[in-house]
Structures are given as C-alpha cells and as structure tokens.
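Comments concern the structure below.
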Amino acid sequence: MSAVPDTSQWPFKAVLVANRGEIAVRVLRTVQKLGLKGIVVYHAADRGTLAVKMADQAIEITGPTPVASYLDGAQIIAAALASGAGAIHPGYGFLSENKGFCQAVEAAGIRFIGPTPEQIDLMGDKVRARNFVEKAGFPVAPSAIEDDDPATFVERSRKVGAPLLIKPSAGGGGKGMRIVRDLSLLEQEIVRGRSEGARYFGDGRLYCERYIENPRHIEVQVLGDGHGNVVHVFERECSVQRRFQKIVEETPSPALTPELREKICETAAGIARSIGYRNAGTVEFIFGQQGEFYFLEMNTRLQVEHPVTEQITGIDLVLQQLRVAAGEQLGFEQTDVKAQGHAIEFRIYAEDAARGYTPTTGPVLVLHPPQGEGVRWDSGILQGGEVTSAFDPMIAKLIVTGHDRADAIAKGDAALRDTVLLGCKTNTAFLRRLIAHPAFVAGDVHTGFLDANPQIAAEPELAAETLQALLAAAALSTRPMRDVADAVPDMHAAMGGWRN
Amino acid sequence: MQHAFKLGEAEHNNALSRSANAYRLHFGEQVIDVDLKTGADGRAWLTVGERHHEVVIATRGDDVFVHFDGEAYQLRYRHPLDRLAAAAGGSAEDHIRAPMPGSIVSVSVKPGDAVTKGQTLLVMESMKMETTITAPRDGVVAVVTYEKAQTFDRDALLLSLEPNQ
Amino acid sequence: MKRIESKLNTASADFQANAEHNRRLAEAFKEKQDKVRHARPQRDIDRLRQQKKLLVRERLELLLDPGTPFMELSSLAANEAYDGEVPGAACVTGIGIVSGREVVINAGDASVKGGAWYPLTVKKTVRALDIAIENRLPVVHLCDSAGGFLPLQADLFADKYMAGRIFRNQCMLSKMGVQQVSVVLGHCTAGGAYVPGLSDYNVIVRGTGAIFLAGPPLVKAATGEDVSVDELGGCDMHTSVSGTADYPAGSEEEAIAIARDIVAQFKRPQKSLIEWQAPEAPYYDGRELYGILPRDIKAQFDMKEVIARLVDGSRFHEYQPNYGKTLICGYAHLWGYKIGILANNGVLFNDSALKGAHFIELCNQGRVPILFLQNITGFMVGKEYERRGITKDGAKMIMAVSNCEVPKFTVMCHGSFGAGNYGMSGRAFDSRFLFSWPQSQTSVMGAEQAANTLADVKIRQLAKQGKQLSQADIDAIRDPVLGEFKRKQSAWYTTSEIWDDGMLDPVDTRNALGISISAALNTPIGDPRYGVFRM
C-alpha cells in the first residue's frame, strides 16, 4: 500500500499544487518521491517559503490579497497549463472543495486530484448531505425544522427526544438557544424561543435538534477509487477544539471500543460507498457519551490531520490520492488496512492562547524543529521567514507516534518542549499544558473541553527562578547592558560592589 | 537598576555587572551570578546562580526572544533614557518655541485638546520650507499662541502643553 | 617570589586581645561613618523629599555602575569640627566607576545645612579635584549646594587653597583634557554656578535645578527686578536660551542616566604600563590584621605580617634583608600591580635611611609604584648617630621621596612621628593617596614627650617667678596639654582635618590601594630625576 508505484503509465507527469504552506510541502514530498515534477503557485508573500524552494517549478500568482490569489482558479489553471502540469492537487481549504474549480480543471484537460464535481456538490451542501445520508439509512442527529411544517413543529420536536436544543432559525452566536431536558416543558420553551428569536432577530421561526452533552468529534478517513472500491482507514479523534477549530487530533480515539470502532468506521465507509466516492475523504461524526454517533458532514479532500492516520497505518494518503487520480484502482481490501501504535497531531499556531487565541505575527528568527524517533514535523515555514496575518495562523503540524497513547503523549510533550521557534509567539506552551491536563491524559475530552477549562489557556504565573533566568538571558543578550558591564576594568569588576 | 525589560504586562528593572569570571544580574535586592556562552547554532548555555540551562536566544531590535525550559518568551528592552524620559513625562519640551522665524500654515489643535506624542500640532513655514511641529509627549495643550498666517520670530512660544500632574 | 612565612600565633592571648581591640575600633569607625552618611534630622529629609530630591547616597548608587566598587574619600571630614554639625563636610567625594570609566565624584550633600560650603567642604572638594588632576580622572559633579557658609567666609573664600581653587582646578583639568560633567540637581548660586559653568557637559533637572550668579532675592535687592527661579536660571532657560546647560532632564533619575551616557562618551586613557600579573588573593586572611596591630601605640610589631595580609599570594621579594632591618623594602604584587613597599620595623637608622633612599631609586628606575606603610617614631637621635650623619642620611631619603616620579601611596598603620612622617611620604610629600587606620597617630613627637616638654617650659617660667608647684599643680598644667595633644594626633582628628584621604578599616586597605593604584596609572610616569643628595 505504501510501495512506490510505477508512474510511467500515468496520464500526468507533473503535478501542480494549488496551495501553500505545510500542505504544499506535504504534497510535493510525495509527488517528488514518485519522480513526478512538482509545481507550486505562490503569492509574493510566500516567496521565501519552503514549498517554493522545494518545488521543481514555482509560478507566481497575484491577487488583490494574498488569499485571493490562491482562490483565483483561472490564474492557477493557466499556470498549470503553462507549466505542463497534468494534474492539480488542491490541498485543503482554498479551492479544494470548490465544484466550479474542479469542473474548470477537468474542462482544461487536467486531472483534479480529488472527488468528482458531483460529490463535491453533494457533500458541500450540509442540508442536502444530511438528507442524503439519512435516506441512505445512516445515523443523523434527529432534528425538526419549523419551516417544514409549522403546524406539526411541536410534535416533530417531541420526537427528536430529550435533551434537545431549540435554536432560532435566523440566529447565530448562541443567542436565543434553549436546552430542553424535560419534554413536558417543551411547549413553553418553544413559545419563549419564538419570542426571543423575534426580539433578537426579528424572526421567530425555530429549529430543533437532539442535544448531545459534551460531544466528541470523531471522524473516519476513507479512500475510494471511483471504481466502486472504498475502504476506511480508521478514525481520528478531534475533540479538542478552540474557536471551533481542531488543535489536537489523535488516532485511535480513546473513546471507542473495538465494536464501536468497527461500527463507526463501517458507517463512514458505507456513506462513501453509497456515493461511489473517489479520492481520500473524511466522514465526520458527532459522538455522544452513550456511544451514539451521528453524521455531521463529509470533507471531500485531504484533511489537515491526515498524518496521524498515515503514521499508524503506514499508508501515504497523498500517494493514494495520486494513484486514484491517475485512474488506478485501490488494489487492496479493507482487511489489508492495519493500524499499529498511537499518533497525535498538534497544530502549531502563531497565536496567543491567553488572549483568546488571537493570531500573532513576527519573524521566524530561529526555528529548530523537534527531532527524534516517532516525531514528524510538517511545516512550510523556514528560519528567516516571517509569519504574517495574510494567511491562517497554523504554521506547522507536529505529529508524534508512540506504541501506545501514554507513550505518544510523553513524546508529544518532549517534542513540544524541543520545538524552538523564536520571533513569533506560538501555542506550544499551551499545548503542553493541555496534554498535561488529567482529563486529556485520561482521554476524557469533548468539544467544549477548553471552554470549560479556561485555565489551560491562561498564562501561568512565572516562577521566580524562570523570571531570573529570562532576565539574565535577556540582559546578557542586550548590547547596551552588556557593553556597560564589559566596559568596567577587570579589577573593579572583580571587587564587585565594595564600599569602604 | 535603570535598565528594564517588559515581559508580558510587567516591567522588570534590572542591571548587569561583570564579576571576576562572568557576570552578575542585579534584580531587586538580589545579585545573582550569571553567564551566557553561545554556540555556533544559536544554542547557548545560561548559568544562573548554581544552575545551568540550555537556551536559545534571538534578538531583533529591542526584542529578546528566549527559549527556556521548553517555552519561548519575549522580552522587550527599555533603555533607561527612554524609560526615564517617559516616566518624567516632560523631558521633552513642554514649551514649543519657534526654531526659526516664519509664519503659521495651519494649526491642528486648540487649548484643552489631549494630544499624543508625535501628533501634529501645527505646521509652520519658514525659509520656503514647511515644518510640522509634533507633540513631544502625551499631554494636554495649554496655550496656542498664533493663528493661521500669523508670523513670529525665532524662539517665539508657539504652543505649550499643560505641565504633567 | 616566595611567600612570607607568618610567625603569628593567632591563638595567643595577645593576638586575641589585639583583635578584640582593633575590631572594636573598626566598628566604632563604621558606626561613625554610618552616622555621617545616614543620620539626619527627619525634617531635612522630609524637606528634600518634598522637593522631589533624592538623597546624595541614592544619587550615587544611581550614578555608579552596579556591582562596582566606590572608594569614598575623607568620609569623616569635619567630623571633629563645627561641633560635629557638618557630617562629611556636607559633601561626598570618591572614586567610582561610571559607564566603565574611573571617575572622581564630587557630590554636594543638601541634607547637611542645605549643602552649604564650610571651610572643610572647600578643602575636601579641592582635594578631590587635586586627585582628579594628579590622576587625570574625569569628574562628575552632582551639584546641590546652598553656597558658601557666610559666617565662616573668611576661612573659605580668598586664600590660595580656598574656594577659588575649586574653579582653578576645574580649569586645570579642562586644560589637561580631562572631562567633567555637572549634574545640576539643586541651586548653583554665585561661585557654585561656575561648577557647571566650567564643566564640559551639564545636565539640569527641570523644576529643581537652577544656575545663577545671584538668586531672585539678591536680584530684587540689587536691581529691583522681580523674577522667578525658573525664569532666572531654570532648566529650560539654560538649555534653550543661555546655553549654560546642555541637557534638560525631567527628573533626577533621568539627569543621572543622561550623565552616565555622557561619561560613556569619554575617551578612556591609555594607562601607564607597569609590571602586572593576574591578581591573587593574599594567602593569609586580611582579618588577621586586627590581631597584629598592638593595643599600645608604643608597642612594636612586625610589619612583614601586615604586608603578608595585603599583597597577592602573600608573596614578597625582600630587598637587603640583612641591611637596615628597621626599614623593610621589597617588591610584591597588589591586585596584580607590581609595587615596591617601604615599611617601618623600628626607628630609622642611617643604614635604614640609606636603604630606603636606594630602594626608592630602584623603584623609579623600574617604574614600580611605591607603597609606604608607616609605623615610625622618627630618625634615631643621639651623638653617635649625628656623628654618622643621621640628618644627611635622612635628608637623602626625603630627597628621594620628594622627587619620586612613580606614584606613591601611604598608609598610616600605627605611629607617625617626627621627620619619620616625611621620610615615609607623609601628607606633604604628595602621595597620590594617603589613608589612616583608626588607631594611627600623627604628630611631631609622641604625646607624652610633647606634653612633658610643654609642661616643663611652663613650670620653668613659673619657677622663675618664684612659684613652687605641687605635683597636683604640675598635673593640672600637664594633663590638659596631654589631652589636647592626644586629640589632635589621633586619626579621628587628622582625618577630620583632611590630612589624609580618609580612614580605612584595615581589611579594606587592599581594595582601596588597588583602586588607588589603578587610578594613579592614568597619569604617565616621568623619568627619574632628583635634586642633590647630600653625600
């Protein structure tokens, strides 16, 4: 499964990566391993990055903003055509789930390393995807939409079952949301919800869904070849989130029994199979404390956290994407997919956890990535580079693999400790505090874990000894201070603060 | 203890001196033997009292970045002259006088206005050159002597700030 | 160089008794010093605080490089004068390190009589500036003085070494290219105005600093002009209009920080090259000095034991160990610097005087600074010694000492009587620095001899008038004379009168000498040249 395939018969010899940062580097690594030509497009803001240095060819693209240039499909396709790229890998984000781009790529006679436009379209629409999955017989969270039939809304809501969550249809930001644990109170809560919705949003219509207490986010990696072959590559647990973004992902999930694992993974594979899925994809579930799980959405692209899956299965997911795009069949069965050990990914963000995870910027004056057995560093930044506010603040991913979860946590702590990045504040210290938390160590986390434990993000009080050491290091590195000290003649320095 | 580093919100006064073999950090009432030996790759050995730590240090302007005990910290150096001038609040001139004879092109403030350091107070013209007069410190405008188009002599008081406190 | 083998029995009763005695003296000294430095009426401190002024000691600590030594000069100046009401002579002088440079600091102490200049204030200041001239040390003046103390103006104003000498010395320094910076922290009125006026750089504090020839009241009286302190001589006027001061500062702290930055611009002199090796602490503990010095001024002790507790590794190369043994001569290193040492081990005989003169010549040939350790009752008297020419041999030593080109340093360890004071480079012989230990005594002869001599004269006069004196009458004449003599020969008095550069706790002597030698080497050492030695 991880053997290097013969690419001589492939319809493309060059792959253009329509992305930047660590994922561009990640894709280029496999592209170049296969002996294919790796091409990247880049905005001027990314000129000095690793992806641009690594690529066999780099083509500058422009746009009103750096991000806009990576969203400019026409320009990217033109670059692909000009450079002779036979395939485009979209990475994640940007154009990776853009049906129009996918179509335009294929219309230009270039392979899109991803699913079909139809699959993007279906899974890109949350409501359609949910309905499709529900109809196909897979579990989705019970819900009721008032709009569907206002007359029966209360009845339908009752069927959703307790606890349930009532939200204003027009709402957002948690305003007007009500949790109902006792169905006898349902009607009066709906009345209140309507009036609140009307007051806040000028619209009293409601939506209700099963409320999952302290849910986990568990997702399953799937691979399909578009020829009807679909396998799952086990699950990933991504419950630790801040501001609705994952920051630590691991596999296997500490929440799953072998039976539940089999069930959730087969469910995911079944969903993918039901649409004849092509490409690597991820089926995301919301997972309740009773072991119940519901389809959330499917991401029809390579996932940020794909490396943890690669680490424990030995499967190069990018390589599989390329094979499928080249028209090959998977060539292996579900039973061939085996996992060993435990892997955790830490997203290294340029951000200040103590200040609401606000992004930070600055020069990368020193970068010493962690090293050692079981340590993988996926990053697009280089020493001498700069972290700007032009892009997402994720600057690297640290993936550690151990023989079990405790070993992986220990390796993670050591690797985070060894990660030296100076010039721009990152979240490494925060991540160390996070994985040292007893609940994390016990695997007992949920998507609201960090909100419930704000002390993890808070800057801890500096130990007196640490403060001394920092001041010493800083004083000894500051010329005006060192110069004054050095100017003192030897004898007087040796006498110190003598007074007669 | 005239030197200072800002670490987070806190400012720490300290000083450095040289000892017979290395250095001493003066911090509050404490005097601690310290030393720093830097290797080729930017890694360094920091000695603090009896303890040794491997650290990585980078500087940029007045910022000192230190990777210590598995964490990165940022300290900002404040030179005593900057710090004390700011603390005194008025080392910069409170009375802004004309550096040369000229006339007023425009006045941007009036008495009672709160101004921040560097803010344009007025523009004067002299010897066919326009000069912008900016606030030497944060403060409140006390007096504006001239109006637009009026002329003045060298050393004429153009504007003054309310004294601090 | 081999180590001095100490013959001291530190367990002996005598040593213990000495140690106890001298340690108590040192403590008494430190107590007096502490009082001079810090004991002030609360209202004086409150007044300064109200004016947002720092105390002079606080200013000093801000000025000096942290973790560097400060050698205060004449800390007990005026302590026995003016009824003890002008501690330290209302000023602080010393040698310290500012921005890595050795500088003389001359600081007024406004907590004493508003920093008014008393005669001894002037003397101390002039001496500090003499030190700056002799050793080419830049000067930082911290100006905060009410001006001359008018009731004593006759004793401080006009004579050669009075107040004018301060300004004359400033000009000499300037001519020599030695820089000065004044920090105007209070009023510099009349003469005081010339301190900044004659400095190369001036910093002045807004609000509290002022410079004028006459303050507002005097101006009002003289011309009828009504003017505020700020208008007349404040910070902004002087830094933007008159140009008398250079740098405005918003606070004392800022002013001192600016001054430090100014000193950092001073060029550092090329020091005179003398023999030097890496310093080494003395092998013997310096605190044993307390046990060496006898309780009794007349008791003899071996000065080699003192040397062993001052010099590097207690190593000493003795010159002519068997000749003129009452004067020890030899080489050692102190804080790494090679020095020659002349130390008394008894009365000076012809041979010891000749040995001393010869050794001084050797030191000058070899460019070796000289340390004199005084415990001298004088040159030997009597028919035999006069016949051998003790006077002309003593004259040779005085000639050699006077014309010495290498810097000299003197420590009054114990007794210093008669011409021995001169031969061993007493105050009049321009040692770069001269320090006294607390028990030392300096006078033309011993107190008892002197009192007896004085009493005898009186008794003879009275006898001529036919008066018969009882022993009680004789005692009544003799005792006050003895008491007054003893007071004026004691180190407490000599240091109060600034006949030295300050009293030292013996254990501080090594560092004080190190700082002194280092300072002295800023001045080039001339080629040896002498007058006529009477052969």
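Read the figures in this text as sums done on the coordinates, not as results from a lab. Quick caveat, the model's predicted, so the values are computed rather than measured. With ideal geometry, Cβ positions are generated from the backbone for all residues, glycine too; neighbour counts draw on all protein chains shown.
Some points to look at:
- Averaged over the residues of C:250-262, the number of partner chain Cβ atoms lying within 10 Å of the residue Cβ comes to 5.
- Note on residue A:340 and residue C:171: the model spin-label points, each 7 Å out from Cα along the C-beta direction, lie 9.6 nm apart.
- Gain upon complete extension [residue C:267, residue C:39; 0.36 nm per residue less C-alpha separation]: 78.3 nm
- Relative contact order (percent, whole number), chain B, Cα cutoff 8 Å, 6+ residue spacing: 16 percent
- The calculated pair-distance distribution of the stretch B:3-83 uses every alpha carbon pair, bins of 10 angstrom beginning at 0, and gives 17, 46, 35, 2 percent.
- Positive dipole terminus of the protein assembly as shown, leading residue within C:428, B:112, C:507 (C-beta point charges): C:428
- A protection proxy built from the mean count of other Cβ atoms within 10 Å ranks the segments C:136-147, C:11-22, most packed first, as C:136-147, C:11-22.
- Across peptide A:420-426, the average count of Cβ atoms from other chains found within 10 Å of a residue's Cβ is 6.
- Straight-line cross-link reach from residue C:467 at under 17 Å between alpha-carbon atoms covers these aspartates and glutamates, not counting any fewer than eight positions away in the same chain: C:456, C:475.
- The stretch A:216-456 - Debye-derived log10 I(q)/I(0), Cα point model, q = 0.07, 0.11 Å⁻¹: -0.23, -0.57
- The share of C-alpha pairs in the stretch A:200-326 whose separation exceeds 27 Å stands at 22 percent.
- Positive-end extreme of charge dipole, chain B - chosen from B:56, B:129, B:70 (charges on Cβ): B:129
- Orientation-averaged projected area, Cα convex hull of the stretch B:22-165 (nm²): 13.5 nm²
- Bins of 10 Å, starting at 0 and running to the largest distance - Cα pair percent for the stretch B:91-161: 23, 58, 19, 0
- Kirkwood Rh in Å, taken over all unlike Cα pairs in the protein assembly as shown: 37.8 Å
- Here the stretch C:160-308 is treated as an ellipsoid with the same Cα gyration tensor; its semi-axes, largest first and in whole Å, are 46, 22, 16.
- With a cut-off of 13 Å between beta carbons, the residues surrounding residue C:516 carry a summed charge of -3, where Lys and Arg count +1 and Asp and Glu -1.
- In this Cβ point-charge picture (+1 for Lys and Arg, -1 for Asp and Glu), chain A has a dipole of about 560 debye about its Cα centre.
- Counted charge near residue C:220, where neighbours are those whose Cβ lies closer than 14 Å (Asp, Glu -1; Lys, Arg +1): -3
- Dmax and Rg, reported as Rg then Dmax, of chain C (C-alpha, Å): 25.1, 79
- Pairs with C-alpha atoms separated by more than 32 Å, drawn from the list A:33/A:411; C:160/C:458; C:458/C:488; A:13/A:397; B:6/C:124, are C:160/C:458; B:6/C:124.
- Taken about its Cα centre, the protein assembly as shown carries a charge dipole of about 3580 debye when Lys and Arg each add +1 at the Cβ and Asp and Glu each add -1 at the Cβ.
- Relative packing of A:211-224, C:283-296, which averages over residues the other C-beta atoms within 10 Å, highest first: A:211-224, C:283-296
- Residue-averaged 222 nm ellipticity for the protein assembly as shown, from DSSP H runs of 4+ at -39500 (n - 2.57), nearest 500: -9500 deg cm²/dmol
- Its relative contact order, with pairs defined as Cα atoms under 8 Å and 6+ residues apart, puts the stretch C:42-263 at 16 percent.
- Cα-Cα separations in the stretch A:418-500 greater than 18 Å, expressed as whole percent: 66 percent
- Dipole axis of chain C (+1 Lys, Arg; -1 Asp, Glu on Cβ), positive-most option in C:303, C:55, C:240: C:303
- Between the helical axis of C:13-38 and the longest alpha-carbon principal axis of chain C there is an angle of about 20 degrees.
- Length-normalised contact order of chain C in % [C-alpha pairs under 8 Å, at least 6 apart]: 14 percent
- Cβ neighbours within 10 Å from other chains - mean over C:511-520: 3
- In chain C, the DSSP beta bridges split such that about 40 percent are antiparallel, to the nearest 5.
- Nearest 10 degrees, 0 to 90: helix C:471-489 Cα axis against chain C principal axis: 60 degrees
- Ranked packing of C:213-222, C:256-265, most packed first, by mean Cβ within 10 Å: C:256-265, C:213-222
- Summarised in one figure, the compactness ratio Rg/Rh of chain A, Cα atoms and Kirkwood Rh, is 1.03.
- Relative to the longest principal axis of the Cα atoms of chain C, the long axis of helix C:447-464 makes an angle of roughly 80 degrees.
- For residue C:187, net neighbour charge (Lys/Arg +1, Asp/Glu -1) across residues whose Cβ lies under 13 Å away: -1
- Dipole size of the stretch B:28-109 about its Cα centre, with +1 on Lys/Arg Cβ and -1 on Asp/Glu Cβ: approximately 360 debye, rounded to the nearest 20.
- Whichever aspartates and glutamates have a C-alpha closer than 17 Å to that of residue A:167, once near sequence neighbours (fewer than 8 apart) are set aside: A:146, A:147, A:148, A:149, A:155, A:182, A:187, A:189, A:196, A:203, A:209, A:213
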